[in-house]
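Okay, structure first, notes after.
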Amino acid sequence: MIGSSACLGGVFCRYDGNTQTIPPLAALVVKKQAIMICPEVLGGLSTPRDPAEIIGGDGFDVWTGSAVVTSCQGLDVTSEYKAGAILAYEKLKDVGITQVVLKERSPSCGSHQIYDGAFSGNKVTGVGVATAYFINQGVKVYSENNYHKLIAAIAN
């Protein structure tokens, strides 16, 4: 069994109220071979919600206290992002999941890229808050760009 960002599994939980469904991941959910998590919603944020970005670094920096997550309206949502990451991890851990497919570029789930913190649309190398937490807990993280490797591994 694997974990998946809920938006990749077909849930309309993105900040803009949309989904980014990846049919093979949604099929795994239907077959009960994957469970979905949305750290942002688990942390108490609504759908839709204002876009947010990490300011001052990436998800690892949020956990050390040297970066924050702020909405485009200037609201500090760091505590919601951290709480959601912890709750999402607990949900994964409770069923023994150690591999997840997460939404790239998300301030929560990005695994290679996130936005630059200036709400400019520019991307930078880095990970989201939940991704950093998952990695620190030993969870293997994939994105929609490389999830095929994980799907192939669990199919065998």
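The values are calculated or read from the model by the stated rules, or taken from the named source; none is laboratory data. Since we're looking at a predicted model, the values are computed, not measured. As a convention, Cβ positions derive from the backbone with ideal geometry for all residues, glycine included, and neighbour counts pool all protein chains shown.
Check I86 against each of (1) more than 21 Å from G44 (Cβ to Cβ); (2) modelled with pLDDT of 95 or more and name the one condition it does not meet. Exception for I86: condition (1). Can Q99 be described as touching a helix residue (DSSP H, G or I) at 6+ places or on another chain (Cβ under 7 Å) and surrounded by 15 or more Cβ atoms within 10 Å (Cβ to Cβ)? Yes, satisfied. Tell me whether region 10-26 contains one or more residues that are over 13 Å from the mean Cα position of the chain (by Cα), outside any loop (DSSP other than H, G, I, E, B) and free of Cβ contacts under 8 Å to residues at least 40 places away in the same chain. Yes, that holds for at least one residue.
The residues on offer are K82, K140, and the sole one that is touching a Gly at 6+ places or on another chain (Cβ under 8 Å) and among the basic types (K, R) is K82. Of all the numbered requirements in (1) more than 14 Å from the chain's Cα centre (by Cα); (2) surrounded by fewer than 18 Cβ atoms within 10 Å (Cβ to Cβ); (3) not aliphatic (A, V, I, L, M), K91 misses one, and that requirement is (1).
Just to be sure I understand, how many residues within region 134-150 are β-branched (V, I, T) and assigned to a loop (DSSP other than H, G, I, E, B)?
Residues in region 134-150 being β-branched (V, I, T) and assigned to a loop (DSSP other than H, G, I, E, B): 1 in total.
Just so you know, in region 26-59 the residues that are among the acidic types (D, E) and touching an Asp or Glu at 6+ places or on another chain (Cβ under 8 Å) include one that is surrounded by the fewest Cβ atoms within 10 Å (Cβ to Cβ), and it is E53.
Considering only residues that are assigned to a strand (DSSP E or B) and under 30 Å from Q73 (Cβ atoms), which ones fall in region 27-50? Walk me through it before giving the result.
First, the residues of region 27-50 that are assigned to a strand (DSSP E or B): 34-37.
Within region 27-50, M36, I37 meet the criteria.
The set of residues in region 17-74 being acidic (D, E) and farther than 25 Å from I2 by Cβ consists of D50, E53, D61. Checked against the criterion of being out of contact with any strand residue (DSSP E or B) (no Cβ under 9 Å at 6 or more places or on another chain) and surrounded by 14 or more Cβ atoms within 10 Å (Cβ to Cβ), the candidates I86, I151, I135 yield just one match: I86. Summed over region 102-132, residues that are polar (S, T, N, Q) and buried (at least 24 other Cβ atoms within 10 Å of the Cβ) total 4.
Applying the set (1) under 22 Å from Q33 (Cα atoms); (2) surrounded by 18 or more Cβ atoms within 10 Å (Cβ to Cβ) to Y81 leaves exactly one unmet item: (1).
Each row is one residue, and each column tells you yes or no for (1) under 17 Å from Y15 (Cβ atoms); (2) under 16 Å from the mean Cα position of the chain (by Cα); (3) part of a helix (DSSP H, G or I).
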{"position": "S66", "(1), (2), (3)": "no, no, no"}
{"position": "V69", "(1), (2), (3)": "yes, yes, no"}
{"position": "E80", "(1), (2), (3)": "yes, yes, yes"}
{"position": "L87", "(1), (2), (3)": "no, yes, yes"}
{"position": "G96", "(1), (2), (3)": "no, no, no"}
{"position": "S108", "(1), (2), (3)": "yes, yes, no"}
{"position": "A132", "(1), (2), (3)": "no, yes, yes"}
{"position": "A152", "(1), (2), (3)": "no, no, yes"}
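Going through G57, G9, G43 one at a time, which residue ends up being touching a helix residue (DSSP H, G or I) at 6+ places or on another chain (Cβ under 7 Å), more than 16 Å from V100 (Cα to Cα) and not basic (K, R)? Within the list G57, G9, G43, the selection yields G43.
Does M1 count as of a type outside the set (D, E) and at pLDDT below 95? Don't jump to the end; show me each part of the working.
Working: of a type outside the set (D, E): yes; at pLDDT below 95: yes.
Here the answer is yes, as M1 does meet what is asked.
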